[in-house]
Structure formats: structure tokens, C-alpha cells
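To keep things clear, I will list the structure first and then write my remarks on it.
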Amino acid sequence: MRSFKKVALLSVATLFTLALVACGSSSSTSSPDYKLKDVSFPLKDKVSLKIVTSSSTLAPEDPNNKLIYKRLEKDTNVHIDWTNYTNDYAEKRNLDISSGDLPDVFWNAAASDVDLMSWAEDGVIVPVEDLIKDYMPNLQKVLDENSEYKSMVTAPDGHIYSLPWIEELGAGKKSIHSVNDMAFINQEWLDKLGLKMPTTTDELITVLKAFKEKDLNGNGKADEIPISFIN
């Protein structure tokens, strides 16, 4: 069976909508059924959802300390009680499931096809194809227009249990989402040095050498780091 896991192609606000509609499972530890209909943000009364996720040890221990989630809580009036595992994620996730300590959502679940089918059979997760149809018109349009994508995300029992990451790259294709492998350059430093945006490798080397040697932070030291990346 082809992979139907990956991470979600959706905004976090849409994730909140799906969770609000789907919450109220048989688990005693997930959030209560708020019985919300025709959800629009911000909600009149604040509600909370429980989400399990994983992140780098370099990231804030509590995802709510990230600016993006502060903004989303303000814009949606939905508070997230995060369980954030920074190591041994799969093992800890599976222990939660075995104990019945279930959240409303597994965000970036790192689940295999076998995991998803097993969880579905045990009632740990619910199908999301109707939620996609009702609340995710952009993703539904993609699936309607690309039968191969729908096939890839559909389980053998005919249901969809996890939201896909879809990249349309290559000859005759274009990306349908914004990837994070983009290069950025400090325009303020270029302006300060009177340099133009580099367009060749040699020009880039000249710019990075100037960044390193010209004390752009004004502390009297050549301690600027001209280039950095996260693999």
C-alpha cells in the first residue's frame, strides 16, 4: 500500500475546526464535545483542545510560547493544551495510545500505514474524509482533480485517516504549498554595505565575505556569521 501518512496540508486554524467538530470521542481524556456548529473564528467563548506533537529540543518546550500559536489563540479563541515530546516520540505516543490517554489530535503523528490501520481498527482515530469535504474545500479540490493523490491517501477500507503533504514538483508541475527550503539574505546588510543582491556564486562569496568582515553589528569585532542553515 502506498503511503498515506505525512503531515497536514492545512492551516492550524483549519486543524482547530476539524478538532472542534470531531472531538467528543470515546476517550475520557480527550476534550469534551463542545457541540459547536457552523464554526467561525474567533469563537465567542474560549475552548481548549488537547494535541500531542513532537518538536526539536531547540524549540520552546511549550509550543504556546511560539509567536505563531500566540497569534492563533488570539485569532481563534482556541487554547491548546500541548503534550510535546522532544525525544522518543513514537515510543511515548504509543504508550499514550496503549493507556487510553488520547488527545483530540496527533499533530505530525509520524505514523506508518500499519499504525493508522491498527489505530482505526481499535477506534483510536476516526476517518476524516467527510471533514475534508465539509471544512477543507482547497484540499478537497486537489483530491477531486488528482485521482492518484486520493488513492495515495485512502486506506484499504476506503477511508482517509491522516492528512497529506502534497508536493507538485518537476517537469510541468508547480508547488501547491510554500516549502521551507527557501534562501533568505539580509537586505539591511546589503544596503549598509552598498552591495546589490548577488546573482552568481562569485557575487555571493563576495557578499558573504563582506558580511563576515565589516562589523555590521557595530560591536568592534568581526564576529558576524555570514551564512547558516538547518538541515
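Where a number appears in this text, it was derived from the coordinates with a stated rule and is not lab data. Computed from a predicted structure; not experimentally measured. Cβ atoms come from the backbone with ideal geometry, glycine included; neighbour counts cover every protein chain shown.
Things worth noting here:
- If both residues of a DSSP beta bridge must be in segment 22-164, then about 0% of such bridges are antiparallel.
- Taking amide H positions as modeled 1.01 Å from N, with prolines and chain starts lacking one, the residues under 5 Å from TYR85 and 5 or more places away or on another chain are THR53, SER54, SER55.
- Net charge of Cβ neighbours under 14 Å - reference GLU224; Lys, Arg +1; Asp, Glu -1: +1
- Using θ = phi - 60° in the Karplus curve 6.51 cos²θ - 1.76 cosθ + 1.60, the 3J(HN,Hα) couplings for segment 153-165 round to 9, 9, 6, x, 7, x, 9, 10, 10, 9, 8, x, 9 Hz; x is entered for Gly and Pro.
- Working from label points 7 Å from Cα in the Cα-to-Cβ sense, the THR201 to LEU67 distance is 3.5 nm.
- Electrostatic tally near LEU193: other residues with Cβ closer than 13 Å to its Cβ, Lys and Arg +1, Asp and Glu -1, net -1.
- Between LEU208 and GLU148, the contour length at 0.36 nm per residue exceeds the Cα-Cα span by 17.2 nm.
- Averaged over residues, the count of other Cβ atoms within 10 Å places the peptides 186-192, 48-54 in the sequence 48-54, 186-192, highest first.
- For ASP113 and LEU58, the FRET efficiency from 1/(1 + (r/R0)^6), where r spans their Cβ atoms and R0 equals 22 Å, is about 0.15.
- Estimated distance in nm for a label pair at LYS74 and ASN186, the labels positioned 7 Å out from Cα along Cα-to-Cβ: 2.7
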